[in-house]
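The values are calculated or read from the model by the stated rules, or taken from the named source; none is laboratory data. Keep in mind that this is a model prediction, so the values were computed, not measured. Reconstructed Cβ throughout: ideal geometry from the backbone, glycine too, with neighbour counts over all protein chains shown. SASA here: full protein model, heavy atoms, side chains in, ligands and nucleic acids out. Shrake-Rupley method; radii C 1.70, N 1.55, O 1.52, S 1.80 Å.
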Amino acid sequence: MNLDALLTLKLQCLWALVAFGAVSSLAGLLTWGERKQVSLIQDRIGPNRANLRFIRNWRLFGLFHIIADAVKSMTKEDFVPAGAYKWMHLLAPLISLGVSFIAFAVVPFAGPFTIRWRDVPAVEIPLLGQFFPGQTLHLSHFPVSFQAADLNVGILFVLAVGAFLVYGVLMAGFASNNKFSFLGAMRAASQMFSYEIALGLSIIGVILIYNSTNLSVIVERQGALIFGIIPKWGIVTQPLAFILFFTCGLMEIKRIPFDAPEGESEIVAGYFLEYSGAKFMMFLFSEYVELIMLAAMCAVLFFGGWQIPFVSQAGISIPLLHVQFAWTDLPWVAAHKALGIELVNLAVVLAQAGFFAFKVVAFCWIMVTVRWTFPRFRYDQIMRLGWRRILPLSMVNIVLAVGIVLVEDKFKPVIQKVLGY
Amino acid sequence: MEGNALNLIYQISFFGIAAFAVVAALVVVSAKNPVVSAIWLAVCFIAVAGIYALLKAPFLAMVQILVYAGAIMVLFVMIMMLMDPGKMEAGGAGQKVVRAFAAAAGAVVTVVLLVLASTAGNYKWTAWSEVPVGTSEAIGRLLFTRYLLPFEVLSLLLLAAVVAAIYLARRREASK
């Protein structure tokens, strides 16, 4: 291990923390945002009572409910049923929450960024430098990726983690020793059989077209342009796959219309019926983290991840319209040389991260709207949908994807010539 | 010195994960409740996937988790459907015979492993970092060239199993 590798490792750890913080804050906001949005849909005001007494009853749109809810659930009695499997009852919410966070390790939050400064010899680095005598830290060309782990099998990692989401549900339902909870767990298991294969098959088309299972590579290749003007996002090349993936994803995170494991009107609260206080809060919170995970995966696989159409680290370019603008053409950047380019690159990376966040929040909004718009499917309907509709369609989609790849290989130069770019 | 430190980390991780897998496997066979067994089986498979990851075979690790996460879920549902959850912990009459068979099978596996371990010196070992066998590219290439025939035979076998399962389920439905 040398100084460069050490810095990369440190940045990855730091990024893991930042991603964790960002996701948990968004999840916390969503607990409030969802209630606020449903009240908009149902023509109510929604949560607005929590306030700061000492600042003139400051309400801040009810945002203090996030804190109030957390405090309330922490101080409530933690009830464990007498006939429960104690350790499994405790472990289930921990697994649910832990597993739902893990998938964010492979999500690329912004484009790669290169530090262009100067090489720093080990002597100039305080404390740590003395362990690496005679080495230098190559900051003159140091790539930084905004991704905790750049796994080659990123997609498979997300799928594998997703497959374990149902285990928390299962353990909760089984350990509670309650018939309703148990029914919820069985429903979750049967639901998993109906979506899991279709979920895996639906993204094979994406893997084929972008020719990689690495999420950062997939996002990078979505920056290409079809006919020189349409961004090559997954939604353009694989619209059917997006619909199938989104549906299966909704099944995986157990949201309405696929919330059979919870089914308030049928089995009370399903798998987390016997949970109260902090453990209940953990289930609730993990549901929102899963929601953000699905939103992030939709954005990464089908909506270009951090890609902003036509904008890159180099400049703005739309080949078909012969628009070509390099950042270095800006008079201010040209005047400041290296520093100017560095700052522009940083601004682009920030814009990309912001754009990614926007896409994720937009998907969260869509899912919340879906939740308060559609009724629940019966669980035999869910099974039929998974096996008889989504599975065959996802197989058709794979054939379509192969066709697209073949056509693209053959005709790309011809089309480029015809359109003249 | 740095290579040694890295090696040490790998060694410690390997023995930690391996010990965890063995403990989990022991719980699987010793737990009284079959559902507890199923969950520890999942833990055991995750540990094995960890060993694959240490061997620089990320694809195998992920497939291991993906396949077995679903498989154990099937196992769980089977347990629920075939057994009465209330009476799960009581030992049946056939328990002794089952135990004897299990012990015999365990003994055979142990003997085979010991024999293999004693002949380990006969094999040519390569450092794990030199042969990229566990990446998706390497496995895909091998499956479509060197092992094409076994791969196709396997998929045919699976297809036959699927058709047979559907046939059996249908026949029972028809006889109702």
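Brief remarks on what is shown
- Cα-based shape type of the stretch A:360-406, given that a ≥ b ≥ c are square roots of the gyration tensor eigenvalues and the cut on a/c is 1.5: oblate
- Our estimate of slack between residue B:101 and residue B:143, defined as 0.36 nm per intervening residue step minus the Cα-Cα distance, is 11.5 nm.
- Peptides B:159-165, A:200-206 ordered by average Cβ neighbours within 10 Å, highest first: A:200-206, B:159-165
- Against chain A, whose longest principal axis is taken from its Cα atoms, helix A:154-175 shows a tilt of about 10°.
- One compactness figure for the stretch A:235-374 is 1.48, namely its Cα radius of gyration divided by 2.2 N^0.38 Å.
- About the Cα centre, charge dipole magnitude for the protein assembly as shown (Lys/Arg +1, Asp/Glu -1 at Cβ), debye: 1160 debye
- Which of A:336, A:89 is most accessible, then next, and so on - probe 1.4 Å: A:336, A:89
- To the nearest ten degrees, helix A:239-252 and the longest principal axis of the Cα atoms of chain A are 40 degrees apart.
- The figure for residue B:152 is an accessible area of roughly 90 square angstrom, using a 1.4 Å probe on the protein chains alone.
- Across peptide B:34-42, the mean count of Cβ atoms from other chains lying within 10 Å of each residue's own Cβ comes to 3.
- The accessible area of residue A:229, taken with all protein chains in place and a 1.4 Å probe, comes to roughly 60 Å².
- Quarter of the Cα convex hull surface for the stretch B:1-52, i.e. its orientation-mean projected area (nm²): 3.3 nm²
- Ellipsoid semi-axes in whole angstrom, largest first, where each is sqrt(5λ) of the Cα gyration tensor of chain A: 40, 30, 22
- Accessible surface of chain A, 1.4 Å probe, proportion on carbon and sulfur as whole %: 71 percent
- Neighbouring Cβ atoms from other chains, within 10 Å of the Cβ of residues in A:169-175, number 3 on average.
- Relative to one another, the C-alpha centroids of the stretch A:331-355 and the stretch A:205-249 are positioned 27 Å apart.
- Residue-averaged beta-carbon neighbours from other chains (10 angstrom radius) around A:185-192: 3
- Positive minus negative residues near residue A:395 (Lys, Arg vs Asp, Glu; Cβ under 14 Å): +2
- Degrees between helix A:391-419 axis and first principal axis of chain A (Cα, 0 to 90, nearest 10): 20 degrees
- Among the listed pairs A:10/A:337; A:10/B:56; A:359/A:412; A:279/B:32; A:232/A:410; A:86/B:96, a Cα-Cα separation exceeding 24 Å is found for A:10/A:337; A:359/A:412; A:279/B:32; A:86/B:96.
- In this rough spin-label picture, where each label sits 7 Å from Cα along the Cβ direction, the residue B:5-residue A:265 distance is 6.2 nm.
- The B and A chains share an interface that buries close to 2200 Å² of accessible area, total over both sides, probe 1.4 Å.
- Threshold 20 Å² - residues in the stretch B:136-156 whose accessible area is reduced by that much or more when the chain is no longer isolated, probe 1.4 Å: B:136
- Accessible area expressed per residue, the stretch A:77-154, with surrounding protein chains retained (probe 1.4 Å, Å²): 52 Å²
- Here the extension length gained between residue A:226 and residue A:79 equals 47.2 nm, from 0.36 nm per residue of separation less the Cα-Cα distance.
- Accessible surface ranking that places the most exposed of A:254, A:412 first, with a 1.4 angstrom probe: A:412, A:254
- Taking the empirical scaling 2.2 N^0.38 Å for compact globular proteins as reference, the stretch A:69-185 has a Cα radius of gyration ratio of 1.74.
- At R0 = 22 Å, FRET efficiency that the Cβ-Cβ distance of residue A:343 and residue A:10 yields, to 0.05: 0.40
- Probe 1.4 Å - accessible area at residue A:91, Å² to nearest ten: 60 Å²
- Ranking A:282, B:80 from most to least accessible surface, computed with a 1.4 Å probe over the protein chains only, gives A:282, B:80.
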